[in-house]
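Since the structure comes first, as structure tokens, the remarks are kept for the end.
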Amino acid sequence: MGEGVHEWLTGFIADRELDEPDGRPLYAYRCTLREFAQLTDRLADAGRKDGLGPWEIRAFVLYASQWWQRRYSGGPWSWDPVLRDVGWHHIYFPDLYPPVRDAFQWWRLDLVRLSGTTRYLGTFAVQGGLPLLLVGEAGPVTAYLRAVVRHVARYRRFVDDPVELARDQQHLLRQRTLRREYVFRLAADLVDAVLDLREYVGQSEDLLAELDVRRPAWRESMPMDLDSQTARQLLEGLLREAKAGGSSGSDFGVKRFLVPTEAGWRLAARLQMPRSVERGELGGHLHVQETDLPPRMHVRTPGEGGRVVGLYGASGEHFHLMSGENNPSAAFWDAAAAEEFRLEFFSQDLVGEVKTRRGAALGELPWAFRADGEYALIGEGSVSDRAPELLVLLPEESEPSTGEALNATVAGRSLWRISEPAVVHTDSGNCVLNPASEQMVEEDYWLSGDRFYSFASTYPLFRGHPRLIVSKAEAPPRAVPLGEVNWRSTGSDWQSLPDGLGSWEVRHVHGGVLRHHGRLGLLPAALSLAVEPTSESEGHLVLGNGQGVGIACDANGTDIEIERAAEQVRMRLTAVDAFSPPADVSLRLRWPGARELRVWAPFPGAGARFLKNGDPLVDNTIAVDDLYGVRATAMSTDETQRFWIDGELKAEDAASVKRVAHFRLALRKAGVRHELALVEVDSTLRLLLGASVAHDARVSIRIVDAEHEYETLEVRRFAAVLKHDPGMESVLVQPPLEHPGVTTFEALPISRTDIEPITLTPVGPPTAPVCTRLPDELSSSDEPWLVVLRGEGGIRAEPTVVGGRSSRLDTDAALSFSEALALANATDRAKAVEAALARMVGEEDQCRQESDWAFVNEMLLCLEGVPSSASDLISALPRCPQALVRCLFRVDPGLRTRIWQLDDELPFSWLLIKRQIWRTEVRTAFDAMCRELRGVVEEPERLASEHVLAVLEEGAKHIGGLDTLVTDIGALLQGGVLSGVFVQMVREERDRRRQQLVNLLVSEDRWPRGYTRQDWSAVLSEPRLLKFGGWDPESDRWRQPTFDTPVAAAWCCFVSDPTSQTPFLVKRMRSHEPDWFDIAYRSAWYELANMQDNIQDRARKNRND
């Protein structure tokens, strides 16, 4: 039977198109499950005969390696199960050493040697690949491999051998028998292969199929059996991990890092939220039964400056991140980046709260960052890292034992560069900082216990004693041993456990090194707080189980009377000024023998008002960029009362959109307290303001209940307005604007590109100028100048135009761009610019056209950073769609992003531009590029096609529905048309998603009502439109905008012209649910395009006949 093994092994090699082994790893031969079974049977037959020849041992080497991959399930490593499974019970394994060594030479492979000893089982493991029985979706081996992906991606530049990096994460392998060099080598090989492939995959559903297309030979480098579903799932997960740059799966986390800017170093933090999370897992995060989870939940950060950072929607057994992945609101800077991060999920009311990984507030110890160009936070306190240098932020009074001060202050701390081991002395112990260290120390600490949020404080409050928890890298969290945790009341000695209430410090000391230090407040285990409003200026705070506590109220405009009854303490609070009660009350709590604890509680007054950072607003007008920290708050005298905010656009040109330019949103309710952070409606406010080009545009927001109106707040584009005062030869800031940074005035020429901008001298404090004096060249200039006020973050006030020619516009004159923009009258200027754009599009003189486009390009560069509504040239582009589309192909590539983003700033939508305009302009750009490339490159048509499609793909990334153009123009350039089969597929996809999405979406309180079908009559009057099936004719009238708006938008691309209301309603509906809108728009657009193509095809046939 030995000859049978010989024949089988020879055939096995031949099936790989080889005459003999070529030295590849044994896993790379891709032994199938069927072949493994055949091999097992033949070796079993061979074992029943006397004597094993070279071919049997060569086959056994392949079998043993495959056995490791397919059958090893953990536990001690041994020859016994390998030999037992082929019936070689009589074989004494040391006798196999010499023939196995010869067999590996035949396979052209080296044996593994460690510490001078040959490791045969280790060689089988390395050659066999990943043991699949140990791999599970959430198992420790999978967690280990994911951690190695992140670790190697982060440190590969510092370490020559990736096996070292795989070894660093061995603590995640719970089975100690797996903590071996062979496993580390396998992991390093697998991760190296994964990282090599990440550039070849995108975000498709099937990454492995994508690799088959883009890199067909990729499987040869994978040390595992890819016929296994388990292996394929693991590999897809690792590829997504590598592609995402190390995001943490279904965890909610915080990434903190330093950012070098022109103004210096800054501390930043970004929330990391999973793209998809299982329903049950999200319920576990929120401590809510999965059946009780609402179908859509917004995510926000709590507190005074709370902001909405994401939106999750249910689909099957998962919740998907529908918005927020790259949300700027999920980024925090400087002091805000050092604060604690928690996430609240809410639908109509609060659903629950998620703890974020590495989201605890940064404390008093050193903050260490990796000096590798990304500057990610490693941790606080004592840190060891492989990076050769660390950047460390220290309290200003601290210095390391060695290091370089960088003369920078970040978040109130001094920045140091540490290149060798250093010690930082603190009041709580010594922190050791070790760069270029093989012993990695990267730990995340937090206190786990019964958090008490009814009081606010400078540090966390707990009812009862919390435990100190630590997590190393991706390891499961564990409680720090009690013997290593010390406590002290401020000013006292350290002790093993807290023995009272009040304010405390806690630290972790391990091996004489300080690992962690924090502060907290301890409260009675059953303490509770109830708020009982009586009137706008009076109410009660009721402290349950507060016996023995002493209470004092700081003098902040509030009188306090205290009544004690059994275990209850009632505090009657009365505002000194009944017309302006405080927002909160500062209390000092003290129990016998405890340190005083200072907390803040809401003032228990009924009614509603706007607050900013806890204080009443001084002014009832605010800029949309200054909404951070502004909340609508209310307290009710009973738990049935509800409050809302009503918003309405008010402007000179708002009449056309008045019926839809409003919104209503309920305040979040918790007992008798209600609140809503205005950043939650930031996008809605910007959308409303973008519907107007009037300088007086503002959104009026009122707090209301069922019977009353309370405070009103007006939100404008800018915090102030610049006004030209010719008599004073000045530009005034009205109202005077105070800004945290230095502001500057600048005058920009708006009719010529050959004049440099002028920096103007401010009058008044640099952070709050009241005006700027105009130099003579501006005050008497015939050329118009745009005066802007710049501050940190951009333009701080509504710009104004000074100068310009006062002559009346001759409507018959053909003015150039420069002449049109030089007119002093704003109305004449806008009309003249629009006429110049129209002439430029139809210009036949090539030289004149080139000159005009050069002017437009230069002017766009000169006005970079200026609001689009402040430029007559930019704001006129959407009114001439042909010029706007041509702009994409004629201006500098660096300006295209701004052109695409005009959709966000001006009252128009890219989704409403006629299909024929796109096809005409793309064909013009394509033909022009082909002419330029002929004789210069091979295949000029292919390069020109790729260029114009790349431009359109930029737009599709900004607005998903524009992928219709990519498909349509791609077919046009290839000489084809959209097929009916393709259109039918898109329609079927829409119908599949309709029931899944729309029934859910339209039932929401947040869904904008918009126009009913009767109001769309100007657009939806065509009987042909009914053939679409694009909406449900029998749906409730208020639900009709859900279905009508995307269809009407597509209809405008082929038949009707959009009304003045259409762009606003399209953008408003799409902003609420872009996924559904794009599906419905795409289906209607393709069907209309197909109808148009068929009509044109029949017309051509009739002409030919």
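The values are calculated or read from the model by the stated rules, or taken from the named source; none is laboratory data. Note that the coordinates shown come from a computational prediction; the quantities given were computed from them, not determined experimentally. A quick note on method: Cβ atoms are made from the backbone with ideal geometry, for glycine too, and the neighbour counts reach across all protein chains shown.
Only one of (1) surrounded by fewer than 21 Cβ atoms within 10 Å (Cβ to Cβ); (2) of a type in the set (Val, Ile, Thr); (3) touching a residue at least 24 places away in the same chain (Cβ under 8 Å) is not met by Val506, so which one is it?
Only one criterion in (1) surrounded by fewer than 21 Cβ atoms within 10 Å (Cβ to Cβ); (2) of a type in the set (Val, Ile, Thr); (3) touching a residue at least 24 places away in the same chain (Cβ under 8 Å) is unmet by Val506, namely (1).
Just checking, how many residues over the stretch 672-705 are part of a loop (DSSP other than H, G, I, E, B) and surrounded by fewer than 23 Cβ atoms within 10 Å (Cβ to Cβ)?
Adding up the residues that qualify gives 7.
Taking into account only those residues within the stretch 525-565 that are β-branched (Val, Ile, Thr) and in contact (Cβ under 8 Å) with a residue 12 or more places away in the chain, which is nearest to Gly607 (Cα to Cα)?
Ranking the candidates gives Thr534 first.
What is the one condition in (1) out of contact with any strand residue (DSSP E or B) (no Cβ under 6 Å at 6 or more places or on another chain); (2) at pLDDT below 85 that Gly310 does not satisfy?
That leaves (1) as the condition not met.
Which one of these is modelled with pLDDT under 90 and more than 18 Å from Val100 (Cβ to Cβ): Arg84, Arg34?
Arg34
Only residues in the stretch 953-974 that are assigned by TED's automatic domain parsing to the domain that holds Ala1089 count as the first member; pair them with residues that are of a type in the set (Ser, Thr, Tyr), Cβ under 7 angstrom, at least 6 apart or cross-chain, and list the lot.
The qualifying pairs are Gly961/Tyr1081; Thr964/Tyr1086; Leu973/Ser945.
Please go through the stretch 935-965 and give me each residue that is among the β-branched types (Val, Ile, Thr) and either surrounded by 18 or more Cβ atoms within 10 Å (Cβ to Cβ) or at pLDDT 90 or above (or both), ordered by number.
Those that are among the β-branched types (Val, Ile, Thr) and either surrounded by 18 or more Cβ atoms within 10 Å (Cβ to Cβ) or at pLDDT 90 or above (or both): Val948, Val951, Ile959, Thr964.
Can you name every residue in the stretch 938-984 that is among the charged types (D, E, K, R), more than 24 Å from the chain's Cα centre (by Cα) and part of a helix (DSSP H, G or I)?
Within the stretch 938-984, Glu941, Arg942, Glu946, Asp968 qualify.
Can Arg923 be described as modelled with pLDDT of 90 or more, closer than 25 Å to Ser851 by Cβ and not polar (S, T, N, Q)?
Yes: the conditions hold for Arg923.
Going through Glu438, Glu505 one at a time, which residue ends up being outside any strand (DSSP E or B) and out of contact with any Pro (no Cβ under 7 Å at 6 or more places or on another chain)?
None of the others qualify; the one that does is Glu438.
Can you confirm whether the stretch 468-491 contains a residue that is basic (Lys, Arg), under 30 Å from Gly253 (Cα atoms) and modelled with pLDDT under 90?
Looking through the stretch 468-491, at least one residue is basic (Lys, Arg), under 30 Å from Gly253 (Cα atoms) and modelled with pLDDT under 90.
Kindly indicate whether Asp991 is out of contact with any strand residue (DSSP E or B) (no Cβ under 7 Å at 6 or more places or on another chain) and modelled with pLDDT of 90 or more.
No, not satisfied.
Here is a check on your reading of the model: is Trp600 modelled with pLDDT of 85 or more, over 22 Å from Leu665 (Cα atoms), among the aromatic types (Phe, Trp, Tyr) and under 36 Å from the mean Cα position of the chain (by Cα)?
It is true that Trp600 is modelled with pLDDT of 85 or more, over 22 Å from Leu665 (Cα atoms), among the aromatic types (Phe, Trp, Tyr) and under 36 Å from the mean Cα position of the chain (by Cα).
State all residues of the stretch 706-722 that are buried (at least 17 other Cβ atoms within 10 Å of the Cβ) and not in a strand (DSSP E or B); if no residue qualifies, say none.
Of everything in the stretch 706-722, those that are buried (at least 17 other Cβ atoms within 10 Å of the Cβ) and not in a strand (DSSP E or B) turn out to be Arg717, Phe718, Ala719.
Take the residues in the stretch 614-631 that are surrounded by fewer than 18 Cβ atoms within 10 Å (Cβ to Cβ) and more than 25 Å from the chain's Cα centre (by Cα); name whichever of them is nearest to Arg307 (Cα to Cα).
Gly614
One line per residue, one yes/no per condition, for (1) in contact with a strand residue (DSSP E or B) (Cβ under 8 Å, 6 or more places away or on another chain); (2) surrounded by fewer than 20 Cβ atoms within 10 Å (Cβ to Cβ); (3) among the acidic types (Asp, Glu):
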{"residue": "Glu339", "(1), (2), (3)": "yes, yes, yes"}
{"residue": "Glu344", "(1), (2), (3)": "yes, no, yes"}
{"residue": "Ser347", "(1), (2), (3)": "yes, yes, no"}
{"residue": "Ala361", "(1), (2), (3)": "no, yes, no"}
{"residue": "Glu374", "(1), (2), (3)": "yes, yes, yes"}
{"residue": "Leu377", "(1), (2), (3)": "yes, no, no"}
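I'm checking my understanding of the structure. Among residues of the stretch 111-135 that are closer than 19 Å to Asp189 by Cα and in a loop (DSSP other than H, G, I, E, B), which one is modelled with the highest pLDDT?
Residue satisfying both the conditions and the ranking: Leu111.
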